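The values are calculated or read from the model by the stated rules, or taken from the named source; none is laboratory data. On a predicted model such as this, the values are computed, not experimentally measured, just so you know. Glycine also receives a Cβ, built like all others from the backbone with ideal geometry; neighbour counts cover every protein chain displayed. These accessible areas exclude ligands, DNA and RNA; they are computed on the full protein's heavy atoms, side chains included. Shrake-Rupley method; radii C 1.70, N 1.55, O 1.52, S 1.80 Å.
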Amino acid sequence: MSSPEIELRKLARNLLERKVVDLVIGYEDSEAGVRPCFIKEPGEVEKLVWNPDCRLSLVRYLRGFKEKKVGIVAKGCDGRAIVELIKENQLDRKNIFIIAVECNGVYKPVKYGSSKTRRQMAEYCEKCEVRVSPIKDYLIKSDEKALEEKIPKGDVEDLDWLSLFRKCLRCMACVRSCPFCYCTECSIEGFKPALVHRLVDPVELFTFHLIRAIHMAGRCVECGACESSCPVEIPLTRLYHELNEWFRENYGYVPGLNLEQAPPPLVFKEGEKP
Amino acid sequence: MVAWKPKIIAFTCWCSSSGVDQAGFEGFKYPANVLTVRVPCSAIVNPSIVVKALEEGADAVLLTACKPVELRKIAPSRITEARVSLLRRLLKTVGVEEERVRILWISSNEGGVFANEVSRIVEETERLGPLNLRGRMLEQP
Ligand code: SF4
Ligand code: SF4
Ligand code: SF4
């Protein structure tokens with residue numbers, strides 16, 4: 001067991017015993033791999049794990065516990081998602097206890113049934129510059145070096161996006177796993193007349209992916225939850241990264257870095273020249 | 001075979017719609033393959049609708065709006081401008097020519113400008129050729 005894991009369990013026990021938090025959201029091991037767990041009793045803290053398979057974002061669950069004080073295990077990107085959601089008035093800072101864990105990158109998921117033993121670091125982790133959550137109540141330092149195994153990078157425009165979109169199954173796993181897709185009525189699914197139908201027309205996959213990319217622009221924290229949940233491995237984060245670059249170039253805005261900077265282009269000063 | 005003509009959808013804001021009408025009464029000629037959809041303000045045009053228009057067979061989408069300097073304190077056209085710029089970046093990334101989405105600044109008295117610019121856009125779109133998203137999405141690898 002690694003020392004961050006020991007520290008994490010000790011902290012969780014302490015927080016629950018002193019009733020600082022009502023529950024801790026973390027990761028636990030299961031036969032099918034690492035999965036989220038919700039710890040309510042100090043006796044259960046031994047379940048908590050921390051390793052490079054803890055890739056899915058837990059931030060998504062925070063909105064389900066609005067009236068409770070919740071402790072959450074957060075990597076750098078998860079912390080950024082919390083910042084961005086606080087700015088969007090979806091979360092209340094005082095109800096969250098952020099257990100920041102220093103992250104060295106996570107592994108790419110292994111496909112079901114694959115016999116690969118060598119694990120690779122996820123591609124979005126290589127671009128990551130924020131390894132520790134920007135807001136935190138407690139920091140757990142890592143004791144390991146960054147993951148080594150790199151993936152050769154290609155240019156984003158070299159990908160044939162239209163044929164990648166064609167593979168999409170419209171399973172909505174990307175929408176369901178993203179911390180920012182909290183709309184009660186998703187414009188891709190629920191509108192009448194619908195812009196995108198669930199089963200009808202393949203050309204609508206183009207609309208589906210472009211609309212989702214537009215909704216993520218300037219908000220996506222590149223946590224990769226969408227991409228890791230995608231059963232057909234569409235590198236969605238690379239597409240959203242391009243749009244975040246547009247925000248960086250035009251407004252100097254990077255989502256989730258601090259609580260003060262308001263998201264552009266919602267703000268401009270009175271009398272400001274266009 | 002009938003020669004291919006591009007289909008262009010123009011979302012025209014209230015003010016620039018009067019410019020478009022003016023092009024009509026003053027007898028300026030512009031190509032008939034531009035279909036105008038009048039909207040209260042250019043900033044009401046959600047980028048999703050622009051994408052949907054391309055999906056449904058438009059070869060280019062045009063938004064006409066008031067020049068940001070003509071508006072007073074807040075400038076909705078600036079939001080439109082930002083959205084169009086973002087959308088063009090997205091289209092370019094996924095491999096669709098960015099010239100297929102454009103913005104034109106048209107005031108209510110600029111019928112002539114509208115007619116000229118639109119003719120130019122039609123010509124340029126003709127040069128780009130059909131977008132044919134349906135064909136490209138259905139194509140088997
Ligand atoms: S779009 Fe994907 S990478 Fe971006 S925040 Fe949502 S889940 Fe994370
Ligand atoms: S895809 Fe867009 S509309 Fe749908 S849940 Fe996500 S942000 Fe909301
Ligand atoms: S998770 Fe993948 S297959 Fe499922 S809807 Fe999203 S992009 Fe399509």
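So what is the calculated 222 nm ellipticity per residue for the protein assembly as shown, using -39500 (n - 2.57) for each DSSP H run with n of 4 or more, over all residues, to the nearest 500 deg cm²/dmol? Kindly include the intermediate steps, with their values, before the conclusion.
Numbers: 13 runs with 142 residues, N = 415.
Roughly -10500 deg cm²/dmol at 222 nm, from the helical runs in the protein assembly as shown.
Per residue of peptide B:79-86, the mean number of Cβ atoms on other chains within 10 Å of the residue Cβ is 3.
Comparing mean-square fluctuations of A:Y124, A:Y107, A:Y138 from a GNM of chain A with C-alpha springs under 10 Å, the top value falls on A:Y138. Inter-chain neighbour count for A:240-253: the average number of beta-carbon atoms from partner chains within 10 Å of each residue's beta-carbon is 2.
Work out which trypsin sites (Lys or Arg not before Pro) in chain B are exposed loop sites (DSSP not H, G, I, E or B, at most 13 other Cβ within 10 Å) and give the longest gap free of them.
Numbers: sites that count: B:K29, B:R72, B:K73.
Maximal segment without exposed cleavage sites: B:74-141.
Buried between B and A is an accessible area of approximately 3200 Å², summed over both sides with a 1.4 Å probe. Across the stretch B:95-108, rounded Karplus estimates of 3J(HN,Hα) from the backbone phi angles (6.51 cos²θ - 1.76 cosθ + 1.60, θ = phi - 60°) give x, 10, 4, 6, 5, 7, 10, 9, 10, 10, 8, 10, 8, 5 Hz, Gly and Pro being marked x. If you sort A:W161, B:W4 by accessible surface, 1.4 Å probe, largest first, the order is B:W4, A:W161.
Within the full protein context, the accessible area of A:D22 is estimated at about 80 Å² for a probe radius of 1.4 Å. Can you compute the charge dipole magnitude of the stretch B:8-138 about its Cα centre, using +1 on each Lys and Arg Cβ and -1 on each Asp and Glu Cβ, nothing else charged? Give it in debye, rounded to the nearest 20. Using Cβ point charges on Lys, Arg, Asp and Glu, the stretch B:8-138 gives about 500 debye. With a Cα cut-off of under 29 Å and a minimum spacing of 8 residues unless on different chains, the lysine pairs in the stretch B:8-138 number 5.
How large a share of the accessible area of the protein assembly as shown, in percent, is made up of carbon and sulfur atoms when the probe is 1.4 Å and the other protein chains stay in place? Don't skip to the end; give the middle numbers.
Numbers: 10650 of 20440 Å².
Ligands and nucleic acids excluded, carbon and sulfur reach 52 percent.
Please work out, to two decimal places, the log10 of the ratio I(q)/I(0) at q = 0.12 Å⁻¹ from a Debye calculation in which every Cα of the stretch A:3-251 carries one identical scatterer. Reported log10 I(q)/I(0), two decimals: -0.73. Rolled with a 1.4 Å probe across the full set of protein chains, the surface gives A:L56 an accessible area near 70 Å². Here A:M216 sits with roughly 0 square angstrom of accessible surface, probe radius 1.4 Å. Of A:N244, A:V59, A:S228, which is farthest on the positive side of the dipole of the stretch A:3-251, counting Cα position, with +1 on Lys and Arg Cβ, -1 on Asp and Glu Cβ, and the Cα centre as origin? Of the listed residues, the answer is A:V59. Cα convex hull, the protein assembly as shown: 163 Å³ per residue, rounded to a whole number.
Distance between the modelled labels on A:C183 and A:I86, one decimal in nanometres: 2.6 nm (7 Å Cα→Cβ projection). Its relative contact order, with pairs defined as Cα atoms under 8 Å and 6+ residues apart, puts the stretch B:1-130 at 37 percent. When the residues A:R93, A:R118, A:R170 are ordered by accessible surface, computed with a 1.4 Å probe over the protein chains alone, the sequence from largest down reads A:R118, A:R93, A:R170. Relative to its Kirkwood radius, the Cα radius of gyration of the stretch B:8-138 gives an Rg/Rh of 0.97. Listed cross-link partners A:K19/A:K75; A:K69/A:K136; A:K19/A:K47; A:K66/A:K87; A:K87/A:K111 are compared with a 25 Å cut-off, the Cα-Cα value being larger for A:K87/A:K111.
Accessible area per residue for chain B, computed on protein heavy atoms with a 1.4 Å probe, is 49 Å².
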